[in-house]
1. Looking only at the stretch 2-16, which residues have a backbone nitrogen under 18 Å from a spot 7 Å from the Cα of residue 26 in the C-beta direction?
2. I need the phi-derived Karplus couplings for the stretch 14-25: 6.51 cos²θ - 1.76 cosθ + 1.60, θ = phi - 60°, integer Hz, Gly and Pro marked x.
3. Starting from the Cα of residue 36, move 7 Å in the Cα-to-Cβ direction to define the label point; list residues of the stretch 1-28 whose amide nitrogen is under 17 Å from there.
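Throughout, read-outs are computed from the coordinates displayed, never taken from laboratory work. Just so it is clear, the structure is predicted and the values come from calculations on it, not from any experiment. So basically every Cβ, Gly included, is an ideal-geometry build from the backbone, and we count neighbours across all protein chains shown.
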Amino acid sequence: MCERSKVVILGLLKWRDKLENSLAKARHREKVLWASLVVSWMLIAMFFLGGNGGSNGLKLKTLELA
């Protein structure tokens, strides 16, 4: 095999490895974002739908004017 083809093949392999690494990072970031989204939705649902000590949903304090 000639020297030029070895250089080209090695360059292509490095480029492929770099792309695979960036894809793995992006997939990991996507999983973390999905997990964060699900947890935040669960916390919001607990807050608004009654996860605060057995009451029936969000209780807002009202001001009574005398």
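1. 14-16
2. 4, 4, 5, 4, 5, 5, 5, 5, 5, 5, 5, 5
3. Within reach of a label on residue 36: 25-28.
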